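The values are calculated or read from the model by the stated rules, or taken from the named source; none is laboratory data. This is a predicted model, so every value here is computed, not measured. FYI the Cβ positions are ideal-geometry reconstructions off the backbone, even for glycines, and counts take in every protein chain you see. Side chains included, ligands, DNA and RNA excluded: accessible areas come from the protein's heavy atoms. Shrake-Rupley method; radii C 1.70, N 1.55, O 1.52, S 1.80 Å.
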Amino acid sequence: MGFAHCAHPEDMPSVQALYADIVAGRQTFASLEVRVRHKLGEWRRIRFNFSPLSDEKGNTEGVVLSGSDVTDLKRLEEQLIQAEKLAAMGQMLAGVAHELNNPLTAILGVTELLRERPGTDDATRRQLELTHRQARRAARIVQNLLEFSRPASPHKKALDLSNLLERTLQLHEHSLRRNNIEVDSHLPADLPGVVGDANQLIQVFLNLITNAEQAIQEVRDSGRIQIRAGQKRQTGDHHRSG
């Protein structure tokens with residue numbers, strides 16, 4: 001087979017088995033996707049069609065192969081599948097977030113009442129304050145999940161960029177911690193506002209952070225993502241000609 005030298009080793013057993021079936025007459029036509037190394041070094045997915053090559057007497061003396069590159073098509077299919085998974089996950093997250101809202105509201109209310117109850121000792125008050133802070137943090141995460149999973153048409157308005165980045169990091173905090181990835185973020189308090197759609201910007205930031213996380217995982221077991229935000233300063237003089 002002319003492409004055997006550039007075919008992926010894991011795919012060769014299937015190719016050889018199908019080739020043998022065609023030659024033996026067990027199959028008359030078949031298709032198979034094979035990873036083939038491109039001349040530039042990347043692996044491409046080629047869908048090969050196998051059919052018998054017969055002599056004048058009808059005996060099979062070889063196999064005819066024709067192939068088409070389906071790499072981009074497969075990527076598109078994978079993206080569509082991923083989009084469907086994300087949509088389903090969004091619906092699931094919205095349901096979970098709604099279910100968590102009521103108990104979190106109860107915890108916040110009860111801890112607030114107990115903190116202010118006369119006669120509560122200092123140790124108990126500290127524990128209640130800790131519980132209250134963590135419940136408030138959980139409530140913010142739930143609110144972020146609800147806003148992120150809620151389908152809505154794009155709505156542009158003035159936004160706090162630092163707040164959007166912090167909300168994005170909260171959404172992805174568990175994954176980063178699980179993969180031993182530390183985040184070093186520097187978000188100036190005087191960062192100017194931006195005009196845009198909050199959900200779309202969070203999706204952009206989430207994609208950037210996820211890409212950085214995956215890049216780190218490919219080469220090491222832990223790492224650090226640095227996030228810096230600032231205002232681009234304009235340089236040079238601007239003149240108007242009339």
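If only residues of segment 1-24 that are among the small types (Gly, Ala, Ser) and in a loop (DSSP other than H, G, I, E, B) are counted, the one that is surrounded by the fewest Cβ atoms within 10 Å (Cβ to Cβ) is Gly2. Picking from residues in segment 155-169 that are in contact (Cβ under 8 Å) with a residue 60 or more places away in the chain and of a type in the set (A, V, I, L, M), the one that is least open to solvent (accessible area, probe 1.4 Å) is Leu165. The single condition among (1) polar (S, T, N, Q); (2) exposed (fewer than 11 other Cβ atoms within 10 Å of the Cβ); (3) touching an Asp or Glu at 6+ places or on another chain (Cβ under 7 Å) that Gln27 does not meet is (2). Scanning segment 44-93 for residues that are under 27 Å from Phe29 (Cα atoms), surrounded by fewer than 13 Cβ atoms within 10 Å (Cβ to Cβ) and touching a residue at least 24 places away in the same chain (Cβ under 8 Å) yields a count of 1. Per the listing Thr111, Thr105, the residue uniquely open to solvent by less than 50 Å² (accessible area, probe 1.4 Å), part of a helix (DSSP H, G or I) and either of a type in the set (Lys, Arg) or in contact (Cβ under 8 Å) with a residue 12 or more places away in the chain (or both) is Thr111. With respect to the conditions (1) surrounded by 10 or more Cβ atoms within 10 Å (Cβ to Cβ); (2) at pLDDT 85 or above, Gln143 falls short on a single one, namely (2). Scanning segment 155-201 for residues that are modelled with pLDDT under 85, closer than 30 Å to Asp221 by Cα and aliphatic (A, V, I, L, M) yields Leu171, Leu187. I need the full set of residues from segment 170-199 which are part of a helix (DSSP H, G or I) and exposed (fewer than 12 other Cβ atoms within 10 Å of the Cβ), in order please. Matches in segment 170-199: His174, Arg177, Arg178. It is to be established whether one or more residues within segment 34-47 are more than 32 Å from the chain's Cα centre (by Cα) and among the β-branched types (Val, Ile, Thr). No, the conditions are met nowhere in segment 34-47. With the checklist (1) over 26 Å from Thr60 (Cα atoms); (2) not in a strand (DSSP E or B) in hand, flag the one item Arg35 doesn't pass. Going through the list (1) over 26 Å from Thr60 (Cα atoms); (2) not in a strand (DSSP E or B), Arg35 breaks only (2). Each residue in segment 58-78 was checked for being outside any strand (DSSP E or B) and under 21 Å from Tyr19 (Cβ atoms), and 3 pass. Does any residue of segment 168-190 turn out to be in contact with a Phe, Trp or Tyr (Cβ under 6 Å, 6 or more places away or on another chain) and within 18 Å of Ala229 (Cβ to Cβ)? Yes: one or more hits.
Inspection of segment 125-140 finds a residue satisfying the criterion of being part of a helix (DSSP H, G or I), open to solvent by 50 Å² or more (accessible area, probe 1.4 Å) and among the β-branched types (Val, Ile, Thr).
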